[in-house]
Amino acid sequence: MAVHFATSLVVTILANTVAAGTYLSTSNLVGQGLLDAFYWQTMSDPSHGRVNYVSESTAQSSGLVSVSGNQVTLRADSTNVLNPSGPGRNSFRLETYDQYTTHVAVFDIAHMPEGCGTWPEVGDNWPSEGEIDIIEGVNSQGSNLFSFHTGGKCSMPSSRSMTGNPSGSLDCDVYDTNDTGCSVSVNDPNNFGPSFNRNGGGWYAIERTPSFVKMYFWERGSSSVPSDVQYPGSSVNPDNWGTPTAYYPNTDCDFSSQLGAQNIIINLTFCGDWAGNSGVWASSGCPSDCVDYVNNNPSAFGGAYFTFKSINIYE
């Protein structure tokens, strides 16, 4: 997973005894402190996107990263027409220094990247330790996918206690599913892309234990947002959050072998294996060809940015 905060990084470690289901705050990431919790990766894009992941210094000099109070904004280049034989559109890929196993993470997000060709992600690393995607979608399509990927045998029951809908295969093994894993779509109409942004964003959260992974979404202004999510403090208790949006039990999946310690990753790519797939591109109502569109329409990516209000980690 990936986490950052503005102002300074605040780390609170509490040792008092707490009730079952309660996790204690270990990282309250806002503003500059959020950025300080991550390092910038300038690697080749593993999803083969039309993207050029830049360093932090390049992002700063190009205006692709900014801190305003407690908020952090990460954006892609929206000014330059690209040379077809040159590198892709400048963007960001950040990974936390810290790794996490049993924990809760809450992401308060005011804006996510939108537009044809975009493929925003917030999730955990792949491949050797599994991958959990908390935010993943393409081309401003209407629904976020919570996704779960493993490198070995792992499947999910068709009937589970969750509000989201299984999407695609129940088999999470990427070698069985051509890297798609098993996903759950979010039913809330304001959970992704332009509708999420018009509504002022919302909260995504994950609880990971040795026996399950649960993921949640609450839109901004919803009366169902738990108080310990909306007003982060010294602890959270997901047992009080109600039915999760996505539920991944280990009933037919050995988490001890399929999920290792995870880093949080925040990235924005373009086109690639999913967003640039010809069928997905056409079904999204996007014009031309994905790579040509990304190369020649920089102004289309003025909305291709994340704004994080905070990331809170509890362990």
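So which strands (runs of 3 or more DSSP E) stay within segment 124-226 end to end and still have 1 or more residues that are open to solvent by less than 30 Å² (accessible area, probe 1.4 Å)? Explain how you work it out, then say what you get.
Numbers: elements: 131-136, 145-149, 165-167, 182-185, 202-208, 212-219.
Hits in segment 124-226: 131-136, 145-149, 182-185, 202-208, 212-219.
Please enumerate the residues belonging to segment 67-81 that are surrounded by fewer than 16 Cβ atoms within 10 Å (Cβ to Cβ) and either of a type in the set (D, E) or assigned to a strand (DSSP E or B) (or both).
Restricting attention to segment 67-81, the residues satisfying the condition of being surrounded by fewer than 16 Cβ atoms within 10 Å (Cβ to Cβ) are 68-69, 79-81.
Listed by number, the list holds a single entry, S68.
List pairs: first in segment 175-202 and basic (K, R), second outside any loop (DSSP other than H, G, I, E, B) and surrounded by fewer than 24 Cβ atoms within 10 Å (Cβ to Cβ), Cβ under 6 Å, 6+ apart or cross-chain?
Final answer for the pair search is none.
Within segment 273-280, can one find any residue that is open to solvent by 10 Å² or more (accessible area, probe 1.4 Å) and at pLDDT 95 or above?
no
Assess whether L94 counts as being assigned to a helix (DSSP H, G or I) and either at pLDDT below 95 or surrounded by 18 or more Cβ atoms within 10 Å (Cβ to Cβ) (or both).
Details: assigned to a helix (DSSP H, G or I): no; either at pLDDT below 95 or surrounded by 18 or more Cβ atoms within 10 Å (Cβ to Cβ) (or both): yes.
Judged against the criteria, L94 is not a match.
Which residue pairs have Cβ atoms closer than 8 Å, lie 6 or more positions apart in sequence or on different chains, and pair a first residue in segment 227-255 that is at positive phi with a second residue that is surrounded by fewer than 12 Cβ atoms within 10 Å (Cβ to Cβ)?
Matching pairs, first to second residue: G242/S224.
The values are calculated or read from the model by the stated rules, or taken from the named source; none is laboratory data. Because the structure is a prediction, the values reported are computed rather than measured. Methodologically, a virtual Cβ is constructed for each residue, glycine included, from the backbone with ideal geometry; neighbour enumeration extends over all protein chains shown. All accessible areas refer to the heavy atoms of the entire protein, side chains included, with ligands and DNA or RNA removed. Shrake-Rupley method; radii C 1.70, N 1.55, O 1.52, S 1.80 Å.
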